[in-house]
Amino acid sequence: MNSKLYVLDTSVLVHDPEATRSFRDTSVAIPIFVVMELDDLKVSNRHDVASSARVASRRIAGIASQGDVNDPKGISDDKTNSVFYIVGQDEHFESFQNTTLSRKMDLLILGSALKLQERFRDKTVILVTKDVNLRILAAVKGMPAEDYRKDRVDPNDLPQGVHDVVLDNPDAMQPLYGSDPPATVPEVNLDGVFPNEFLRISVDGGGAQLFRWNGEHLRPVSRSRGMKFDPKNDGQRMAMDLLLDPNIHLVVLLGPAGSGKTILSLQAGLHQLERHYDKIILSKPVVSMGRDLGYLPGSESDKLHPWMLSFYDNLDQLLTTDTKDNKRKGIKEKTWEHLIQSNQVEIQPMHSIRGRSIPRAFMLFDEIQNATPHEVKTVVSRAATGTKVVLCGDPSQIDDPFLDAFSNGLVHAAKMTRKSVLAGSVYLTDGVRSPLAELAATSL
């Protein structure tokens, strides 16, 4: 067992309710104020937060049941081989306890950590929190503090989806064409290339060709798909190749706003509707950018309508409605609205997806950079036989206060599924929405 004692903040347990199982062969302390905060959060209006709080509370209760919470030696957890302490109030922190600031609970948790620092002088006491401001407060008080790192992705490990290869021999690429399966090419080094990643192979002085490695063979990637919006660059070509392959059940598309993630995914879903999938399910995290509008009136569909407008905008482009012709025929709805009315396209609130088992569906989750790894695990695990899950998002546009570009569910899914033949990830780098959108994404 190492010489560190980790003090867990509430934000960590809400982010990952299984966090207590991530600390192995060490010492872990949970302030009683964290338990109190979880008790308040278990009835939160945010269903994801409430669910995480309940799970975390059950995990803490499971640890407490293995011993005496008042034992100064702590409780040995047989699952992690760690010693857990559930610590009470810090009597030396009265000046902060009496404050009327809204951060009072954070200060109480910090006070508990400082008390532990005095109690365990033979250990390095570290406060673990997703709250950057609490880490600053801890630093001011001389308390080491760090982010929760279990599901944090190293920037160097974030899959780009493509490898560039330059060949000296112009004839080396010939075996890749005209045979099924394509012949092997000894000149192409596949070390470090995972299944469903792409190679951009070029001959010295010539143009590049795209191929996908499926774990056994390299296959050329088509330039045109014969749909309304053909891929405009290599990134979109790679994305469409993954989206249209029914043998790939999880596709992760990362990239800046305007790079075509959503419209390509929706187009691919519509193209395969009825042939490979019985319905398309659309969803996204309900996280506000800036100030919220408060509670919206109406039914669940009415409340979700503002959040789903991005999908409707893309459907307007993919299934153009002849408004003049419809008006002449007395038709008031848009072309794509019959898909929703016939349940071929379904709007699914993320908070209510738990417990579902969904077969033969094309499930598209947008803005998923605002979901935690735990939430992404929940939605992906809803997929039953024949279902494809597509996760889209921009890691640089995070609206959740406790997530960042390398700790969100989108990048976590891309990294953790990288070696599977069932999954593929692409990082789209080029904006195609408009020159102004590209300027905003790169300069503002």
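The values are calculated or read from the model by the stated rules, or taken from the named source; none is laboratory data. Every value quoted in this text rests on a predicted model; they were computed, and no experiment measured them. Backbone-built Cβ (ideal geometry, glycine too); neighbour counts: all protein chains shown. Surface areas here come from the heavy atoms of the whole protein model, side chains and all, with no ligands, DNA or RNA. Shrake-Rupley method; radii C 1.70, N 1.55, O 1.52, S 1.80 Å.
Before moving on, here are some points about what is shown:
- Among (1) loosely packed, with under 13 Cβ neighbours inside 10 Å; (2) at pLDDT 70 or above - the single one Leu293 does not satisfy: (2)
- Single unsatisfied condition, Ile109 versus (1) open to solvent by 20 Å² or more (accessible area, probe 1.4 Å); (2) at pLDDT below 95; (3) of a type outside the set (Gly, Ala, Ser): (1)
- Reported count of residues in the range 161-175, each being of a type in the set (Val, Ile, Thr) and not in a strand (DSSP E or B), is 0.
- Every residue from the range 114-160 that is surrounded by 16 or more Cβ atoms within 10 Å (Cβ to Cβ), in a helix (DSSP H, G or I) and out of contact with any Asp or Glu (no Cβ under 9 Å at 6 or more places or on another chain): Gln117, Ala138
- The set of residues in the range 393-408 being in contact with a helix residue (DSSP H, G or I) (Cβ under 7 Å, 6 or more places away or on another chain), closer than 19 Å to Val132 by Cβ and not aliphatic (A, V, I, L, M) consists of Pro395, Gln397, Asp399, Asp400, Phe402, Phe406, Asn408.
- Selected residue (criterion: farthest from Arg354 (Cα to Cα)) from residues of the range 42-64 that are of a type in the set (Ser, Thr, Tyr) and either part of a helix (DSSP H, G or I) or modelled with pLDDT of 95 or more (or both): Ser57
- If the condition is being under 22 Å from Val421 (Cα atoms) and open to solvent by less than 30 Å² (accessible area, probe 1.4 Å), then the range 214-244 contributes Leu218, Val221, Gly235, Gln236, Arg237, Met238, Ala239, Met240, Asp241, Leu242, Leu243.
- Residue within the range 250-258 that is modelled with pLDDT of 90 or more, open to solvent by 10 Å² or more (accessible area, probe 1.4 Å) and within 27 Å of Met173 (Cβ to Cβ) present: no
- Selection count, the range 55-75, where residues are within 16 Å of Ser11 (Cβ to Cβ) and either open to solvent by 10 Å² or more (accessible area, probe 1.4 Å) or over 29 Å from the mean Cα position of the chain (by Cα) (or both): 4
- When Gln267 is tested against (1) open to solvent by 20 Å² or more (accessible area, probe 1.4 Å); (2) over 20 Å from the mean Cα position of the chain (by Cα); (3) under 20 Å from Phe362 (Cα atoms), exactly one condition is not met: (1).
- Residue match in the range 23-34 (condition: modelled with pLDDT under 95, open to solvent by less than 20 Å² (accessible area, probe 1.4 Å), outside any loop (DSSP other than H, G, I, E, B) and aromatic (Phe, Trp, Tyr)): yes
- Any hit, the range 175-193, residues being surrounded by 15 or more Cβ atoms within 10 Å (Cβ to Cβ), at pLDDT below 80, out of contact with any helix residue (DSSP H, G or I) (no Cβ under 9 Å at 6 or more places or on another chain) and of a type in the set (A, V, I, L, M): yes
- Residue match in the range 393-406 (condition: more than 24 Å from Asp157 (Cα to Cα) and in contact with a strand residue (DSSP E or B) (Cβ under 7 Å, 6 or more places away or on another chain)): no
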